[in-house]
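Notes follow once the structure below has been shown.
The values are calculated or read from the model by the stated rules, or taken from the named source; none is laboratory data. Because the structure is predicted, anything quoted here is derived from the model rather than measured. Reconstructed Cβ throughout: ideal geometry from the backbone, glycine too, with neighbour counts over all protein chains shown. Side chains included, ligands, DNA and RNA excluded: accessible areas come from the protein's heavy atoms. Shrake-Rupley method; radii C 1.70, N 1.55, O 1.52, S 1.80 Å.
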Amino acid sequence: MKLPPNQIKTSLEGGEMTTGCWLSLSSVETTEIAANAGFDWCLIDGEHSPWNPTLVLDRLRALDAARCQAALRVPVADDWIIKQALDMGVQTLLVPMVHNAAAAADIVAATRYPPLGRRGMGAGGARATRYGRVTDYDTSANNEVLLLVQAESREAIENIDEIAATEGVGGVFIGPSDLSADMGFVGNPNAPEVISAIETSIARIHAAGKASGIITFDPAHITRYRELGVQFMAVAADGLALQHGLSAALAV
C-alpha cells in the first residue's frame with residue numbers, strides 16, 4: 001500500500017484557492033457535521049482547544065470517513081508534539097507563533113525524516129502507516145508533509161520574506177487577532193494599519209513563491225483576500241456557527 005498524497009498540498013502547489021472550517025469544539029459530532037458541509041478542509045485547533053491526542057485521533061477518523069481533508073494546528077512547536085501529530089497521520093500542520101526564519105527552519109527539521117530533518121523513526125505501527133500497511137512511508141512521508149507557519153507578530157511581519165523563503169515551509173498563515181494585539185490594536189483586527197500589514201505580507205509571501213493563509217468570517221474580507229490570491233482561508237468556525245445559529249433561533 002502506497003502513502004496517499006496530501007491533497008491540500010497538491011491543491012496549494014497547483015495554485016488552487018481552498019476554503020475551510022476551524023474546529024475548536026472538542027466534539028466528534030461537530031467535526032462530522034463540519035466534515036460533511038462541503039469545505040475543502042477542516043482544521044482541528046490544538047492551540048486554543050484542549051490538546052487531547054486521543055480526541056484528535058477520533059476527529060481525524062471522522063474527517064476521513066467524510067472524505068474531508070484534515071489539517072491540525074499544534075499547540076506549540078515542540079518536537080514531541082509534532083512527531084505525535086505526524087504519526088497520527090496528519091499531513092498538513094499549522095504551527096503558531098513563528099517569528100523568524102530560524103524558528104521556521106527548526107520546525108521544518110522536526111517534520112522531516114533524516115537526512116532532511118530529525119523526526120524520529122517509529123511510525124511503522126502508527127496510524128500514519130495504516131499500522132504498517134503503507135510500505136513506502138519512510139521514503140515518501142517527507143514529500144507529503146505540508147508545513148504552514150503562522151505569522152502573528154510585528155517581528156514575524158518584519159521577517160516575512162525570510163520566513164516564506166525558508167526551505168520546507170509550504171505556506172505562511174497570518175493570524176489577524178494576535179497580530180493586531182501585538183501592533184497595539186487589541187480586539188480590532190480590522191484597524192487600517194493591521195489590514196495594510198496583512199495585505200502587504202500576502203504579497204511578500206507570494207513573491208517568495210509560497211501559499212498564503214488567513215482566517216476571517218467577514219464576507220467582504222473573504223472576497224478581498226480571494227482577490228489577493230489567498231489559497232488557504234478559514235471562513236467558518238464550529239463554535240461560532242453553533243452560537244450564531246442558536247442566537248438566531250431565539251431571535252425569531
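Taking the Cβ of Phe185 as the centre, find all other residues whose Cβ is under 14 Å away and add up their charges (Lys, Arg: +1; Asp, Glu: -1).
Details: positive: Arg154; negative: Glu152, Asp178, Asp182, Glu193.
Counting the neighbours of Phe185, the net charge comes to -3.
Filter the GluC sites (Glu not before Pro) in segment 143-193 down to the DSSP loop ones having no more than 14 other Cβ atoms within 10 Å, then list what survives.
Details: sites: Glu144, Glu152, Glu155, Glu158, Glu162, Glu167, Glu193; in loops: Glu152, Glu167.
Of the GluC sites (Glu not before Pro), the ones in loops of segment 143-193 whose Cβ has at most 14 other Cβ atoms within 10 Å are Glu167.
Per residue, how many Å² of accessible area does segment 27-72 show with a 1.4 Å probe?
Values: 2140 Å² over 46 residues.
Heavy-atom SASA per residue in segment 27-72 reads 46 Å².
What is the extension gain from Ala249 to Arg130, computed as 0.36 nm multiplied by their sequence separation minus the C-alpha to C-alpha distance, in nm to one decimal?
Numbers: separation 119, 0.36 × 119 = 42.84 nm, distance 4.29 nm.
So the extension gain works out to 38.5 nm.
Pick out, in residue order, every one of the trypsin sites (Lys or Arg not before Pro) in segment 42-90 that is DSSP loop and has at most 13 other C-beta atoms within 10 Å; say none if there are none. Present the calculation step by step, with values, prior to reporting the outcome.
Numbers: sites: Arg59, Arg61, Arg67, Arg73, Lys83; in loops: Arg67.
Counting only loop positions with at most 13 other Cβ atoms within 10 Å, the trypsin sites (Lys or Arg not before Pro) in segment 42-90 are Arg67.
For segment 207-252, list log₁₀ I(q)/I(0) at each q in 0.33 Å⁻¹, using the Debye formula over Cα point scatterers of equal strength and ignoring solvent, two decimals each.
Log-scaled intensity ratios, in q order: -1.11.
Residues with amide H under 5 Å of Gly89's amide H, sequence separation 5 or more or different chain, H placed in the peptide plane at 1.01 Å from N; which?
Those lying under 5 Å, H to H, from Gly89 are Ala128.
List the residues, sorted by chain then number, that are 5 or more residues from Ile215 or on another chain and whose placed amide H is less than 5 Å from its amide H.
When sequence neighbours closer than 5 places are left aside, the close amide H contacts are Ala234.
Return the sequence-ordered ³J(HN,Hα) values of segment 140-157 in whole Hz as given by the Karplus equation 6.51 cos²θ - 1.76 cosθ + 1.60 applied to θ = phi - 60°, using x for Gly and Pro.
10, 4, 4, 6, 9, 6, 10, 9, 10, 9, 9, 9, 8, 8, 4, 4, 5, 5
Test of understanding: extend the Cα→C-beta vector of Leu240 to 7 Å, then name every residue of segment 138-179 with backbone N under 12 Å from that spot.
176-177
³J(HN,Hα) across segment 126-132 via Karplus (A = 6.51, B = -1.76, C = 1.60, θ = phi - 60°), whole Hz, x for Gly/Pro?
9, 4, 4, 9, 6, 6, x
Please report the carbon-and-sulfur percent of the accessible area for the chain; probe 1.4 Å, protein heavy atoms only, DNA, RNA and ligands left out.
Working: 6130 of 11270 Å².
Summing carbon and sulfur atoms, their accessible area is 54 percent of the total for the chain.
Trypsin sites (Lys or Arg not before Pro) within segment 106-213: which are DSSP loop residues with at most 16 other Cβ atoms inside 10 Å? Let's see the in-between values first.
Values: sites: Arg112, Arg118, Arg119, Arg127, Arg130, Arg133, Arg154, Arg204, Lys210; in loops: Arg112, Arg118, Arg119, Arg130, Arg133, Lys210.
Loop-located and lightly packed - Arg118, Arg130, Arg133.
Give me the dipole magnitude in Debye, nearest 20, for the chain about the Cα centre, with unit charges on the beta carbon: positive for Lys and Arg, negative for Asp and Glu.
Working: 18 positive and 29 negative charges, 154 e Å.
Result for the chain is approximately 740 debye, rounded to the nearest 20.
How big, on average over all directions, is the shadow cast by the Cα convex hull of segment 129-252, in nm²?
Values: hull surface 44.1 nm².
Dividing the Cα hull surface by four gives the mean projection, 11.0 nm².
What residues have an amide H closer than 5 Å to that of Ala237, excluding those fewer than 5 places away on the same chain, when H is modeled at 1.01 Å from N in the peptide plane?
The answer is Trp22.
For every helix of n ≥ 4 consecutive DSSP H residues, a contribution of -39,500 (n - 2.57) applies; sum these over the chain, divide by its total residues, and give [θ] at 222 nm rounded to the nearest 500 deg cm²/dmol.
Values: 12 runs with 113 residues, N = 252.
Helix contribution divided over all residues of the chain: -13000 deg cm²/dmol.
Using the Karplus curve 6.51 cos²θ - 1.76 cosθ + 1.60 with θ = phi - 60°, what ³J(HN,Hα) values do you get for each residue of segment 197-214, in whole Hz, with x for Gly and Pro?
5, 5, 5, 5, 5, 4, 5, 5, 4, 5, 5, 7, x, 10, 7, 10, x, 6
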